[in-house]
Amino acid sequence: MTHAPSESPDLGLQTRLLHAGKAPTYAGGHAVNPPLVRASTVLFDSVVAQRAMRERRGDERLFTYGARGTPTTFALEDAVTELEGGFRTRLFPTGLAAVGMTLLAYLKPGDQVLMSDSVYEPVRKLAHSFLEPYGIGCSFFRADGSDVAQRITAATRMVYVECPGSLVYEMCDLPQLAAIAHAHGALLAADNTWGSGCQYRPLALGADISIMAATKYLSGHSDVMMGTVCTTRAAWQPLAERSDAFGMTVSPDDAWLVLRGMRTLSARLQMHERHALQLAQWLQSQPEVVNVFNPALPAHPGHALWQRDCAGTNGLVSFELQADVPLAAAERLVDSLSLFGIGASWGGYESLAVMVDMTKARSVTDWSGRGPIVRLHVGLEDPADLLADLERGFAVLKHR
Ligand SMILES: *Cc1c(COP(=O)(O)O)cnc(C)c1O
């Protein structure tokens, strides 16, 4: 456009109202944070300019249409790429959508994916309800990765791991799994929600693809859903093409919130870690508790790998009660807590407690006959208050 319509007094008020204030200029400095840009239509100066942009956007990240991203979502992609140490990042409406798109981007009927027994439960459901009927074979390997070399076949196109694993945080040797996968021409994809880039960096350890539920620690405030996938340069193209083909995008408002959350990610994680370890130590000293799960604890089976590969831990601590503690008593314990909310997800600033059913969450390892398991997400509250709350909760067990 070569003229500014709002400055043309011969245009009707209705028209001038649509154009007024479109390119405001301000005297002074600039804001700390990037602007929030919402867009569906993106305008170009000429037909030639529009055509040129459309021709280049397959390889380059260009602002050409809302579904292809906005300056706000690009800013978040850049921050995630920095965090993950990868080539580029795509954003998805949820963490689960990010996992689903990753599987669809690299696998086709006839292929096989080897999945860790420790995956986030809805991923197991996705494997059985969609991938298998769609002709993609799925089999599960031990959460510590020790049987991947035996299970991998010529049809395996992807090894999909979650490390540390959901609920009890099993560790696997990621560089070793990368070597096995690559020797068979398969990709290694890792769900990095637990480590969130600060505590664990799968791409640096040999993975090709790293996925995070930004819903958790990146957003950090329990008020937004999002998923991210960051890859190496070599693995990038299929993800980018499939995501565009499926029209995958996120709201710039949500992207702006996640970007804001990420500014304090490292500081929050350090506090979650400190509080979680304090509570974990207290839990270890309770006679009713037989296991406390967090890989930073020396008693955890994955502790040596955690020490080698992780920069720290987070607010997640699960504990297993003695096998003779009835489930109902464990549920009363959780119900009696006042500072721990009862709800799904984690990674916000607040503490949570949920009952865990490991017999449903694992198929390769047998968890039957064990005591009730509770997962805590330890928040940023004063840990002395959280400990007092847990003490009250455990009193319920003593009076059963
Ligand atoms: C929560 C979670 C997801 C899914 O994230 P949503 O945004 O809730 O869909 C994926 N992987 C792991 C490990 C998670 O904890």
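The values are calculated or read from the model by the stated rules, or taken from the named source; none is laboratory data. Computed from a predicted structure; not experimentally measured. We place every Cβ from the backbone using ideal geometry, glycine too, and count neighbours over all the protein chains shown. These area figures cover heavy atoms from the full protein model, side chains too; ligands, DNA and RNA do not enter into them. Shrake-Rupley method; radii C 1.70, N 1.55, O 1.52, S 1.80 Å.
Assign unit charges at the C-beta atoms only (+1 for Lys and Arg, -1 for Asp and Glu), then state the dipole size of segment 265-398 relative to its Cα centre in Debye, rounded to the nearest 20.
Details: 10 positive and 15 negative charges, 60 e Å.
Here the size comes out at about 280 debye.
Please enumerate, by chain and number, the lysines with C-alpha under 29 Å from the C-alpha of K108, excluding those fewer than 8 residues away in the same chain.
Excluding near neighbours in sequence, the set is K125, K360.
Report the rotationally averaged projected area of segment 336-391 based on its alpha-carbon convex hull, in square nanometres. Display every interim value, and only then the final one.
Details: hull surface 18.7 nm².
Result: a mean projected hull area of 4.7 nm².
Let's test the formula: R0 of 22 Å, r as the Cβ-Cβ distance of H128 and S368. What FRET efficiency results, to the nearest 0.05? Intermediate values should be presented prior to the final figure.
Working: r = 20 Å, r/R0 = 0.91.
The pair H128/S368 has a calculated efficiency of 0.65.
Just the accessible area per residue of the chain, please: how many Å² with a 1.4 Å probe? Before the final figure, lay out each step's value.
Details: 18250 Å² over 400 residues.
Dividing the accessible area of the chain by its residue count gives 46 Å².
Rounded to a whole number, what % of the accessible area of the chain do carbon and sulfur atoms account for, probe 1.4 Å?
Values: 10020 of 18250 Å².
Looking at the chain in its full context, I get 55 percent from C and S.
Separation of segment 11-83 and segment 96-149 by C-alpha centroid, Å?
Using only Cα atoms to place each centre, the spacing works out to 37 Å.
How big, on average over all directions, is the shadow cast by the Cα convex hull of the chain, in nm²?
Numbers: hull surface 96.6 nm².
Average of the hull's projected areas for the chain equals 24.1 nm².
In degrees between 0 and 90, to the nearest 10, how far off the longest principal axis of the chain does helix 265-284 point, with axes built from Cα atoms?
Roughly 10 degrees, rounded to the nearest 10.
Please state the Cα pair-distance histogram of segment 47-262 with 5 angstrom bins from zero: what percent is in each bin?
1, 7, 16, 20, 20, 15, 10, 6, 2, 1, 0, 0
Using helices alone, what [θ] at 222 nm do you get for the chain, with -39,500 (n - 2.57) per DSSP H run of 4 or more residues, divided over all residues and rounded to the nearest 500? All intermediate terms of the calculation are to be shown ahead of the outcome.
Values: 14 runs with 141 residues, N = 400.
Per the formula, -10500 deg cm²/dmol.
What shape does segment 265-398 take by its C-alpha gyration tensor, where a ≥ b ≥ c are the square roots of the eigenvalues and a/c under 1.5 counts as rounded, a/b above b/c as prolate, and the rest as oblate?
Oblate shape, in that a/c is at least 1.5 and b/c is the bigger or equal ratio.
List the aspartates and glutamates whose Cα lies under 17 Å from the Cα of K22, skipping any in the same chain that are fewer than 8 positions away.
Here the aspartates and glutamates satisfying the reach criterion relative to K22 are E7, D45.
How many angstrom lie between the Cα centre of segment 246-281 and the Cα centre of segment 346-388?
Using only Cα atoms to place each centre, the spacing works out to 19 Å.
List, largest first, the extents of the alpha carbons of segment 126-236 along their principal axes, each in whole Å.
43, 32, 31
In debye, nearest 20: dipole of segment 47-262 around its Cα centre with unit charges on the Cβ of K, R (+) and D, E (-)? Intermediate results must be reported in sequence, preceding the final value.
Numbers: 19 positive and 23 negative charges, 118 e Å.
In total the dipole reaches around 560 debye.
Between M53, L327, S219, whose Cα lies farthest towards the positive end of the dipole of the chain when Lys and Arg beta carbons carry +1 and Asp and Glu beta carbons carry -1, centred on the Cα centre?
The Cα lying farthest towards the positive end belongs to M53.
Could you tell me which chymotrypsin sites (Phe, Trp or Tyr not before Pro) in segment 1-96 are loop residues by DSSP with no more than 11 other beta carbons within 10 angstrom of their beta carbon? Provide the component values of the computation, followed by the final result.
Working: sites: Y26, F44, F63, Y65, F74, F87; in loops: Y26, F44, F63, Y65, F87.
Listed in order of number, the matching sites are Y26.
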